[in-house]
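Comments concern the structure below.
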Amino acid sequence: GYTVATPGNWKDGDDVIIPLTVQDPEQLTQKYPKGFTAPKPYLRLTPQPNK
């Protein structure tokens, strides 16, 4: 499975949220190979993993 969260208005294909429980930089690289953006310190977005 994937360790991600989705907002209430999420649609298939939209970016997903990386939970704050994932903090280790090495884990971030392994789990989210497509990379991520952080528009806010508490909000990290990554492309939908299975797309």
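Only one of the numbered conditions (1) touching a strand residue (DSSP E or B) at 6+ places or on another chain (Cβ under 9 Å); (2) of a type outside the set (Gly, Ala, Ser); (3) part of a loop (DSSP other than H, G, I, E, B) is violated by residue 39, and that is (3). Exactly one residue out of 46, 6, 37 is at pLDDT 95 or above, among the hydroxyl-bearing types (Ser, Thr, Tyr) and crowded, with 16+ Cβ neighbours inside 10 Å, and it is 46. Can you find even one residue in the range 4-13 that is in contact with a Pro (Cβ under 8 Å, 6 or more places away or on another chain) and touching a residue at least 40 places away in the same chain (Cβ under 8 Å)? Within the range 4-13 (the criterion being in contact with a Pro (Cβ under 8 Å, 6 or more places away or on another chain) and touching a residue at least 40 places away in the same chain (Cβ under 8 Å)), the answer is yes, since at least one residue qualifies.
The values are calculated or read from the model by the stated rules, or taken from the named source; none is laboratory data. Predicted model only: the values in this text are computed from it and were never measured. FYI the Cβ positions are ideal-geometry reconstructions off the backbone, even for glycines, and counts take in every protein chain you see.
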